[in-house]
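The values are calculated or read from the model by the stated rules, or taken from the named source; none is laboratory data. Fair warning: this is a prediction, and the values are worked out from it, not measured in the lab. Note that we place each Cβ from the backbone using ideal geometry, even for glycine, and neighbour counts take in every protein chain shown. Each accessible area value is taken on the protein alone, full model and side chains, heavy atoms only, with ligands, DNA and RNA left out. Shrake-Rupley method; radii C 1.70, N 1.55, O 1.52, S 1.80 Å.
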Amino acid sequence: MSDCRAGYKRGGGNEIAKDALEVWPVQLPHHHLMNLENRLLRLLGRKQYAPAGADDITNKLGLAQSQASEVLSELRDLVRSGRVVRLPGKRFSLPADEDLIAGRILMNRRGGGRVVTTDASQPSIDIDPSAARTAMHNDRVLVLVERPALSNRERRHGRRAPSGPSGRVVEVLERARTQVVGTLEKSRQLWYVVPSDPRITHDIYLPKLGQAAKSKARRGNKVVVEITEWPSRHNAPEGRLLEVIGSPGAPGVDVESVLRQYELPRRFPAKAKAEARRLGSKVTVTDRKGRRDCRKHLVVTIDPVDARDFDDAISLERIEGRRWRLWVHIADVSHYVTPGSALDKEARQRGNSTYLIDRVIPMLPEELSNELCSLKPGVDRLARSVEFLLSANGRIEQAKFHSTVICSKRRFSYEEAMAILNREPAGDIECMLHNAHRLAQKLRQARFRAGALDLDMPEHK
């Protein structure tokens, strides 16, 4: 089907449907555009609907033409989200009606990729490099789904049809990033940037590199550029220089390049910081209410010597019948980060803490990540915990889940814990570590008997 799709599936020659639509405004209460999004989606989803422009849609909603600009604004928002598509002639329709699907494109080094949607039942859509237009990795795009038939020659050569759907990018709905990190280079006449991300296969030309920028920039420098124009995939994108990070060999430039390439945030929004400060620095009586009190247990943490946070802990004790009670504690972040709060929104945006060679970009402000949600020794902390009852050979007999309050008795590094295991224990905590080690070896042996693989992989710092 062609790009213009002259006629479309439900438009074009279907004059009966058009005539019916002209005398079929949606009769809904005329108030200040409340639930306008729902009304638009209901209208575009009607069987009698044919792709129409913003003015016609305003009429069909029974609204005054003075409100057409608000209707158009809402339609543009729906287009950006991929729930509505804009067709030639500034007409609007639902994506499913036009074999169009919105999703994220995951690029490969060849310049093609695949598009995935939020619908788990929808297979990914293969995009050939020639069909990706100006899409870049993780952009939100609108794709025309195509299932090409094989030619007679291809069939004679035994070529099989693609196993899944393929398509081509019709429009870039939303850029995942507008800034690109790369290496500054110069041809005879033009400066250009080679992107550090191999999935961006086009160099970015800098047609207006000013004298001030030229005096700071050197060929081979790591720089940040903003793409200003990219009309088609057949033309190289153009951009402007935003920042010179420095020479690749200079100390810290590699980390600074990573920060900018992945747009890692360095500061928290004021609202999120204020919420974190209001939580205080100590577990209160109110916080402990309704929780299992495990503060007298021999709880310890074991982490790398350079660990910056401590979010898991254990305790182990022998009980009657030669059995064991094992507690596994995880810091209860959910007690402090409530759904819809500024902290929750920022954490969703970041997704995780990012560990770099010389720093951590935390998912939560330090008031939480380094204090209330860090299981430091000697202070009360809230946790979500699992209580295991284990047989003498390590078989799980029972598991219970609790909201708890704990107080870690000791922080161990891996090296400290191993040193204790290599000598006779002294004191209750060291005896517990020896018991935990023997129990862990039984569990390890049971895993191997069940078919686990022993992968001895080198670790890199």
Name the residue, out of Gly167, Gly239, that is crowded, with 19+ Cβ neighbours inside 10 Å, closer than 30 Å to Leu87 by Cβ, in contact with an Asp or Glu (Cβ under 7 Å, 6 or more places away or on another chain) and not hydrophobic (A, V, I, L, M, F, W, C).
Gly167
Hey, could you check the range 212-229 for residues that are closer than 30 Å to Val170 by Cα and in contact with an Asp or Glu (Cβ under 7 Å, 6 or more places away or on another chain) and say which is modelled with the highest pLDDT?
Val224
Filter the range 95-113 for residues that are within 27 Å of the chain's Cα centre (by Cα) and either at pLDDT below 85 or small (Gly, Ala, Ser) (or both) and give the result.
Pro95, Ala96, Asp99, Leu100, Ile101, Ala102, Gly103, Gly111, Gly112, Gly113
So which residues in the range 33-63 are open to solvent by 20 Å² or more (accessible area, probe 1.4 Å), of a type in the set (S, T, N, Q) and touching a residue at least 12 places away in the same chain (Cβ under 8 Å), if there are any at all?
Gln48, Asn59
Among the residues of the range 416-461, count how many are loosely packed, with under 10 Cβ neighbours inside 10 Å and assigned to a helix (DSSP H, G or I).
1
When you look at Glu387, is it within 24 Å of Lys296 (Cα to Cα), touching a residue at least 60 places away in the same chain (Cβ under 8 Å) and either open to solvent by less than 50 Å² (accessible area, probe 1.4 Å) or of a type in the set (S, T, N, Q) (or both), yes or no?
yes
Here are the criteria: (1) open to solvent by less than 60 Å² (accessible area, probe 1.4 Å); (2) of a type outside the set (Ser, Thr, Tyr); (3) at negative phi; (4) under 28 Å from the mean Cα position of the chain (by Cα). Tell me which single one Gly252 does not satisfy.
(3)
From the option list Leu259, Leu209, single residue qualifying as closer than 30 Å to Leu142 by Cα and surrounded by 17 or more Cβ atoms within 10 Å (Cβ to Cβ) is Leu259
Looking at the range 139-158, is at least one residue of a type outside the set (Lys, Arg), modelled with pLDDT of 90 or more, within 18 Å of the chain's Cα centre (by Cα) and open to solvent by less than 100 Å² (accessible area, probe 1.4 Å)?
yes
Among the residues of the range 329-336, is there at least one that is part of a helix (DSSP H, G or I), in contact with a Cys (Cβ under 8 Å, 6 or more places away or on another chain) and either within 19 Å of Arg292 (Cα to Cα) or in contact (Cβ under 8 Å) with a residue 12 or more places away in the chain (or both)?
yes
Filter the helices (runs of 4 or more DSSP H) completely within the range 187-286 down to those with at least 2 residues that are farther than 30 Å from Asn108 by Cβ.
211-216, 270-278
Tally time: how many residues in the range 264-293 are small (Gly, Ala, Ser) and either crowded, with 17+ Cβ neighbours inside 10 Å or closer than 20 Å to Val360 by Cβ (or both)?
3
Inspect all residues belonging to the range 356-367 and state whether any of them is assigned to a loop (DSSP other than H, G, I, E, B), of a type in the set (Val, Ile, Thr) and open to solvent by less than 50 Å² (accessible area, probe 1.4 Å).
no
